[in-house]
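To keep things clear, I will list the structure first and then write my remarks on it.
The values are calculated or read from the model by the stated rules, or taken from the named source; none is laboratory data. Not measured: the values here are computed from a predicted model. Cβ placement follows ideal geometry from the backbone for every residue including glycine, while neighbour counts extend to all protein chains displayed.
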Amino acid sequence: MAVSLREYRARIKSVESTKKITRAMELIAASRIIKAQQRAQAAAPYARELTRAVSAVATYSNVDHPLTTEPEDPKRAAILIVTSDRGLAGGYSSGVLKEAERLAEKLRGEGKEVDTYITGRKGVAYFKFRRRPTVEEWTGFSDQPTYDVAREIGDTLIGAFLSEEELASEENGAGVDEVHVVYTRFRSMLVQEPTAVRLLPLEVVEGEERPEAEDVLPLYEFEPSAAEVLDELLPRYVQSRIFFALLQAAASELAARQRAMKSATDNAEELIKKYKRIANQARQAGITQEISEIVGGVNALADATAGSE
């Protein structure tokens, strides 16, 4: 009985320590979600006005820019997969990786080769474990992305896309005809959706809601020319889209971690109750056995005394 009780008490103590850790991580994730949402909201006005500017230039000029030109026969596509650097976030990274696998399978079914770009250590580990090649990797910022990182990623993807024209005559060129981004969109604290978006060739979107009939795009004067304005605006637009995806993924990661840690804390509480109940049952069974042994010994002693008389 003593050994059994000692084991259960050790398990209870271990689970209680784990519960303290998961509870602390739950509170940390909950506090960081607010900051992540505030960052996304702060970046929204810039992205919205930049989108309107790009839409105006694309609407009121007849310039054919490389970033907006649809290739006639696309052969290669790039996928940027946004995952997390740390675990303990439930199925967050696995969900976005599954979405990326579905997109890659679809692109291969269309006869396109796929180049993979990854952010986050979980995605890097996923591909290394399966010995799959990746073109570029970025890690160390999944829960707090910066615009500098988005600019670096955007320049890399734009460079790979624009180099397709220069390498069109080469058989093993490194350029790509399409660029896709797979990330997790933050809908609410309970809903985060893995999402795949085609980034290049550029499809300028004003927003999810349709503009009102009287909502007319502002008129712009292009100086020195519309082509040069697009040269400046389109890379910034791509970078802002990537930064938006990183911010959405950061908020989704924190929400998934907060939910996973809350579930772990609740499970720890249930496990502690279960172990305490089993330990009490074992203790009662041991006490009952000891009482039975004492009573049996007394009866045996009484029988022996009566026989001797």
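Remarks
- Gly109 being closer than 15 Å to Val181 by Cβ and not aliphatic (A, V, I, L, M): no
- Residue selected from the stretch 173-206 under the condition closer than 22 Å to Leu50 by Cα and part of a loop (DSSP other than H, G, I, E, B), by the criterion modelled with the highest pLDDT: Pro201
- Number of positions in the stretch 36-55 that are surrounded by 14 or more Cβ atoms within 10 Å (Cβ to Cβ) and of a type in the set (D, E, K, R): 2
- Lone qualifier among Ala302, Ala306, Ala279 - being assigned to a helix (DSSP H, G or I), small (Gly, Ala, Ser) and under 30 Å from Glu26 (Cβ atoms): Ala279
- Residue ID - surrounded by the most Cβ atoms within 10 Å (Cβ to Cβ), chosen from residues in the stretch 220-262 that are free of Cβ contacts under 8 Å to residues at least 24 places away in the same chain and either β-branched (Val, Ile, Thr) or part of a helix (DSSP H, G or I) (or both): Glu228
- Condition met for Ala30 (assigned by TED's automatic domain parsing to the domain that holds Leu230, in a helix (DSSP H, G or I) and touching a strand residue (DSSP E or B) at 6+ places or on another chain (Cβ under 9 Å)): no
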